[in-house]
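Notes for the one structure printed next.
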Amino acid sequence: MDIIDLRKIKPPDEIGAFKRGILFPVLAPLSGVYALASRLWRSTPPKVTDPGVPVISIGSISVGGTGKTPLCMHVARRFAARGTRVCVLSRGYRRRSKRSPLAVSDGDRLLATVEEAGDEPYMMARRLPGVAVMVGKNRIEGALAANDMFAPALLVLDDGFQYRRIAKSAEIVCLDLASLKSGAAVLPLGSLREGLSSVKADHIVVVFLRHGDRVPSPGDIKRLRSRNVFYAARSKPCFVDGNGKAIDTGVPATDRVAIVSGLARPAGFEKSCLAAGVNAAVSIRFEDHHWYQEEDIDKIKSVMNAGRCNRIVTTEKDIYKMPAELKEMAIVARTDTEIEEADRFWNLLDDRVRVDR
């Protein structure tokens with residue numbers, strides 16, 4: 001499969017060894033300063049506001065692609081299925097509206113467009129019936145607005161590990177294998193927002209294993225202080241159309257496919273598509289949270305023609321941002337989160353979070 005990588009910004013760990021070697025004398029001191037500033041920030045007690053209902057925070061110490069939002073959806077769906085009134089609070093990264101806080105869904109109806117909400121909150125609103133979704137950079141304002149509008153019994157904070165000004169009942173930290181390596185570095189030399197020292201004993205850690213990953217070694221796990229470490233993976237993809245309707249036949253083997261995505265770490269998505277039998281001739285990688293424009297149509301169609309492709313396979317958050325002409329050719333590869341020792345995970349979360357349904 002050919003790869004056309006149009007990303008201008010890539011995670012530091014994707015930069016080649018030669019280029020990293022050249023940049024090391026500059027990046028290493030900057031990482032040292034960043035690490036010190038991060039530790040000082042983490043050690044300074046914040047002013048914490050209690051929103052009046054339990055909060056489950058799901059975040060990461062790494063930049064992009066560690067399973068935060070899929071796990072957020074997984075947790076919200078499970079509590080909602082038991083009759084709990086749930087609201088997801090999201091920052092709404094790279095959305096095209098300054099309204100804040102903004103209600104995206106009340107659990108029954110969409111209240112905002114994808115442009116107003118941002119791709120991931122809009123996706124959650126579409127995928128989580130019965131779950132309200134609110135966006136805003138200030139999560140406390142979002143929580144208070146959610147309380148007024150939806151009266152939730154539980155708030156789920158998406159990408160909340162670095163947001164310390166709201167009281168939390170449970171803190172879930174998503175990691176990947178790269179985060180656990182002894183040589184992992186903080187920005188800008190590496191991909192870590194914070195070092196492993198920010199993960200405490202009472203945090204719940206979920207290590208996401210991408211397709212082909214091996215379970216971390218005991219030595220890597222010992223570097224974590226947490227007593228509660230779980231492993232998770234993305235399920236084998238199922239395929240749906242642009243309206244979310246299941247395509248039971250999957251992607252026909254006779255279809256020659258172009259994978260199109262706007263992800264921080266697209267390699268895992270590409271591998272899962274190939275493992276599901278997708279006959280991909282090429283993958284076109286756009287920037288994370290890319291907003292597709294009319295000029296992208298000609299670019300994508302040109303690549304498809306060169307590769308003799310007749311179909312696009314894309315992600316769920318990408319499909320909502322594509323022009324109609326691309327949507328007509330696109331199939332969505334949808335995955336869910338699968339947690340090992342799921343019973344132990346949910347029992348631990350239930351012990352931390354007492355909800356009034």
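The values are calculated or read from the model by the stated rules, or taken from the named source; none is laboratory data. The structure presented is a predicted model; accordingly, all values stated were derived computationally and were not measured. Cβ coordinates were reconstructed from backbone atoms using ideal geometry, including for glycine residues, and neighbour counts include every protein chain displayed.
Descriptive notes on the structure:
- Failed condition for Leu30, given (1) in contact with a strand residue (DSSP E or B) (Cβ under 8 Å, 6 or more places away or on another chain); (2) within 28 Å of Lys181 (Cβ to Cβ): (1)
- Residue match in segment 69-79 (condition: closer than 19 Å to Gly136 by Cα, outside any helix (DSSP H, G or I) and modelled with pLDDT of 95 or more): no
- Residue check, Arg225 in contact with a helix residue (DSSP H, G or I) (Cβ under 9 Å, 6 or more places away or on another chain), buried (at least 17 other Cβ atoms within 10 Å of the Cβ) and basic (Lys, Arg): no
- Boolean, Gly190 is in a loop (DSSP other than H, G, I, E, B), closer than 15 Å to Thr66 by Cα, of a type in the set (Gly, Ala, Ser) and modelled with pLDDT under 95: yes
- Test: residue in segment 122-129 that is part of a strand (DSSP E or B), in contact with a helix residue (DSSP H, G or I) (Cβ under 8 Å, 6 or more places away or on another chain), of a type in the set (A, V, I, L, M) and under 19 Å from Ala76 (Cα atoms): no
- Only listed residue being surrounded by fewer than 16 Cβ atoms within 10 Å (Cβ to Cβ) and not assigned by TED's automatic domain parsing to the domain that holds Met322, chosen from Gly219, Gly190, Gly244: Gly219
- Only one of the listed residues (Pro25, Pro11, Pro29) is more than 30 Å from Leu154 (Cβ to Cβ) and within 24 Å of the chain's Cα centre (by Cα). That residue is Pro11.
- Comparison of Lys271, Lys200, Lys236 shows that the only residue that is assigned to a loop (DSSP other than H, G, I, E, B) and at pLDDT 90 or above is Lys200.
- The residue pairs whose first member lies in segment 38-49 and is of a type outside the set (A, V, I, L, M), whose second member is assigned to a loop (DSSP other than H, G, I, E, B) and loosely packed, with under 10 Cβ neighbours inside 10 Å, and whose beta carbons are closer than 6 Å, counting only pairs six or more residues apart or on different chains, do not exist in this structure.
- Boolean, Arg94 is in a loop (DSSP other than H, G, I, E, B) and closer than 30 Å to Ser302 by Cβ: yes
- Taking the criterion of being assigned to a loop (DSSP other than H, G, I, E, B) and touching a helix residue (DSSP H, G or I) at 6+ places or on another chain (Cβ under 9 Å), the residues of segment 48-66 that qualify are Pro51, Gly52, Val53, Pro54, Ile61, Val63, Gly65, Thr66.
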